[in-house]
Amino acid sequence: MPITAQHRPTQALNRAKWKPELLRAGWVLFPNVLIEKQQELGLDPIDLNIVLHLAAHWWVPEVLPRPSKVRMATAMKLSERTLQRRLARLDKRGLVRRIVRGTSSNSKTNSYDLSGLIAAATPLAEDMALERAQKRLPLPKPRKPKKGKPPSWMV
């Protein structure tokens, strides 16, 4: 069944699905394209988990996320060093840029810029949106031949 405007997610529908207790603990908006096209983006499950953690800490566009590596590594059951290597790999590939905010004497959490990932995912998202729109378009119904005399151009 196609999703209509009445089925589009609303806060009430999300509360019914996920329960208010879960949503009060925090929630994140996450584009489907990052999940469905992770292989094309070169993201493995750990990379996707890292991106999900960064998204969960990105509340407004102007303020980049800056979660602690210790907190992310602990949540994912990774060593901090493994997380650092993964973030370095995402940075090298231009998907997640690390922005060092501290100095050797003044340690602060890094900020993470996801604009490279957004740029890489945008064409894939556009293709997905087009495919979905085409699936929703009704197919033209075949014309039934009229009974009686054929059109003049057929004679």
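The values are calculated or read from the model by the stated rules, or taken from the named source; none is laboratory data. The structure presented is a predicted model; accordingly, all values stated were derived computationally and were not measured. Because the Cβ atoms are built from the backbone with ideal geometry, glycine has one as well, and the counts that use them run over all protein chains shown.
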Any chance Leu54 is closer than 26 Å to Ala125 by Cβ, surrounded by fewer than 11 Cβ atoms within 10 Å (Cβ to Cβ), touching a helix residue (DSSP H, G or I) at 6+ places or on another chain (Cβ under 9 Å) and not charged (D, E, K, R): no
Is there a residue in segment 15-37 that is free of Cβ contacts under 8 Å to residues at least 12 places away in the same chain, within 25 Å of Pro123 (Cα to Cα) and surrounded by 10 or more Cβ atoms within 10 Å (Cβ to Cβ)? no
Flagged pairs (Cβ under 8 angstrom, 6 or more apart or on separate chains; first in segment 42-67, touching a residue at least 40 places away in the same chain (Cβ under 8 Å); second acidic (Asp, Glu)) are Leu64/Asp113
Residues of segment 68-82 being in contact with a Ser or Thr (Cβ under 7 Å, 6 or more places away or on another chain) and in contact (Cβ under 8 Å) with a residue 40 or more places away in the chain, in sequence order, are Ser68
Given Arg81, Arg71, which one is at pLDDT 90 or above, exposed (fewer than 12 other Cβ atoms within 10 Å of the Cβ) and in a helix (DSSP H, G or I)? Arg81
Condition test on Leu95, is it within 17 Å of Ile35 (Cα to Cα) and in a loop (DSSP other than H, G, I, E, B)? yes
Scan segment 90-123 for residues that are closer than 16 Å to Glu40 by Cα and surrounded by fewer than 17 Cβ atoms within 10 Å (Cβ to Cβ) and jot them down. Arg93, Gly94, Gly116, Ile118, Ala119, Thr122, Pro123
